[in-house]
Structure formats: structure tokens, C-alpha cells
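The values are calculated or read from the model by the stated rules, or taken from the named source; none is laboratory data. This is a predicted model, so every value here is computed, not measured. Glycine gets a Cβ as well: all are built from the backbone with ideal geometry, and neighbour counts include every protein chain shown. To get the accessible areas, we keep the full protein, side chains included, count just its heavy atoms, and leave off ligands, DNA and RNA. Shrake-Rupley method; radii C 1.70, N 1.55, O 1.52, S 1.80 Å.
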Amino acid sequence: MLSSAVAINQFQLAGFQKIAADVPDEVLYKPAAGHQHLPVWVMGHLALTGEMGQQALGGTVAHPDWMPLFAPGSSGEVSTDTGLTKQTMIDAVTGAYAQLQKMALEDATPERLAQPHGIGLFDGSPIQNVGDVITLLLTNHFGFHLAQLSSCRREAGFAPLF
């Protein structure tokens, strides 16, 4: 049922690997010129929302301590004191979405996908159930933040990848 969304996310995750690899360590905690997000925040937000998607399918959030830093609606401010490295963030995003893809293909029963999502942010929107949320996380949401991370990479002087 979610195989198309998983395929799109697999494609985007491959792009994430290339983009994130080029983001210089020295800009990890520097706001981007356009969207003003720190690359560390973009990656942390993707990792955490991927884990939240797992939770919606019956899994758990692996980094609950990241909620204040990276949850939807967070300030976007992340101190270098957190000690989060680029590789830690790359691994967290890759792991979160590899597991979410697996759960979407193996654990997402029609009954679970049809359940209301319970997320106030989507009240009154076309996003009605868990299936809609998982599809959004695997496609649009990931792609939106991947574009932000790509702008950080380009701002650091790298040529387009595609």
C-alpha cells in the first residue's frame, strides 16, 4: 500500500547521503542564508520525524531527548554544546528512514493506516489518518527539508548534484 512512497523515500535518501556528505562541518551550526535553519537542525528534524513516523506504526522514538531541539514547532536553535556531529546526524536520518520504510512495507496494516493520526497540526487538512501522515513523511516532508539541506550545501560553494 505504501510501496510508492517508500520508493520515493529511497530515492530521496540516496540524495540525502550525497548532499549531507558535502555539508562542511564548520557550517553545521550556521544558519542558512535563505531559510535560516542550521544544517544540524534540518538533519535532526528529519531523524526525529522519521522516528515519530515509526511510532505511528507501533514503534518507538529512539531519541526522545531530541524532542525539544528538533520536534515540529521547535525553535531551530541548537547549541554546539550538544556535541552532535554531522556523522551522528547522517546516521540518525538514515537509520530512522530505513526503519520507517521497513515498517511501512511490513507492519502497516490497512487498519492501522486508517486510524486517525491525532496530530493537531493537521486538523482541518486533507491529512486525515496514519496512512496520510506516513506518506507525507516519506515524500513531501522529507523532500522539503532535503531541499533546505541542499541549499546549505550550495551556499558552501558546491555545484549542483543533478
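Loop-only chymotrypsin sites (Phe, Trp or Tyr not before Pro) in region 118-149, please: DSSP not H, G, I, E or B, and at most 16 other Cβ atoms within 10 Å.
Here no loop site has a sparse enough neighbourhood.
Put ASP22, ASP81 in order of accessible area, largest first, 1.4 Å probe: what do you get?
ASP81, ASP22
Pairs of alpha-carbon atoms within less than 8 angstrom and 6+ residues apart define the contacts here; what relative contact order does region 54-162 have, in percent?
Contact order relative to length: 22 percent.
When the helix-only estimate is applied to the chain (DSSP H runs of n ≥ 4, each -39,500 (n - 2.57), divided by the residue count), what is the mean residue ellipticity at 222 nm, nearest 500 deg cm²/dmol?
Taken over the chain, the calculation gives -17500 deg cm²/dmol.
Given R₀ = 45 Å, FRET efficiency for THR109-LYS30 by Cβ-Cβ distance, to 0.05?
Calculated value: 0.55.
Whole-Hz Karplus ³J(HN,Hα) for region 143-156, in order, using 6.51 cos²θ - 1.76 cosθ + 1.60 and θ = phi - 60°, x for Gly and Pro?
For region 143-156, the Karplus-derived couplings read x, 4, 6, 5, 4, 4, 5, 4, 5, 5, 5, 5, 4, 7 Hz, x marking Gly and Pro.
Hey, could you get me the Stokes-Einstein D for region 113-160, Kirkwood radius over alpha-carbon pairs, 37 °C and 0.692 mPa s, rounded to whole µm² s⁻¹?
Estimated via Stokes-Einstein, D reaches 265 µm²/s.
Largest first, please: the extent of the C-alpha atoms of region 1-157 along each principal axis, to the nearest Å.
Result for region 1-157: principal-axis Cα extents of 46, 28, 26 Å.
For a quick check, take a GNM of the chain with Cα springs below 10 Å and name the residue from ALA21, ALA92, ALA33 with the largest mean-square fluctuation.
Result for the chain, Cα springs under 10 Å: ALA33 fluctuates most.
Counting only protein chains, not ligands or nucleic acids, how are TYR97, TYR29 ordered by accessible area (probe 1.4 Å), most first?
Per-residue accessible area, sorted high to low, gives TYR29, TYR97.
In sequence order, what are the phi-derived ³J(HN,Hα) couplings for region 3-16 according to the Karplus relation 6.51 cos²θ - 1.76 cosθ + 1.60 with θ = phi - 60°, rounded to whole Hz, with x for glycine and proline?
Each residue of region 3-16 in turn: 4, 5, 5, 5, 4, 4, 5, 4, 4, 5, 5, 5, x, 4 Hz.
Pop out the ³J(HN,Hα) list for region 45-57 in order, Karplus 6.51 cos²θ - 1.76 cosθ + 1.60 with θ = phi - 60°, rounded to Hz; leave Gly and Pro as x.
Values per residue, Gly and Pro as x: 5, 4, 4, 5, 5, x, 5, 5, x, 4, 4, 5, 9 Hz.
Per residue, how much accessible surface does region 5-108 expose to a 1.4 Å probe? Answer in Å², no decimals.
Ligands and nucleic acids excluded, the figure is 44 Å² per residue.
Using the scaling law 2.2 N^0.38 Å as the reference, what is the normalised Cα Rg of region 17-102?
Taking N as the residue count of region 17-102, the ratio is 1.05.
Report, to the nearest whole %, how much of the accessible area of region 13-162 belongs to carbon and sulfur atoms, 1.4 Å probe, protein only.
Here carbon and sulfur together make up 56 percent of the probe-accessible area.
Considering only protein heavy atoms, with the full assembly of protein chains and a 1.4 angstrom probe, order GLU26, GLU155 by accessible area, largest first.
GLU26, GLU155
Just GLN54, GLN99, GLN87 to compare: in a GNM of the chain, with alpha carbon springs under 10 Å, which one fluctuates most?
Maximum fluctuation in the GNM of the chain, among the listed residues, is at GLN87.
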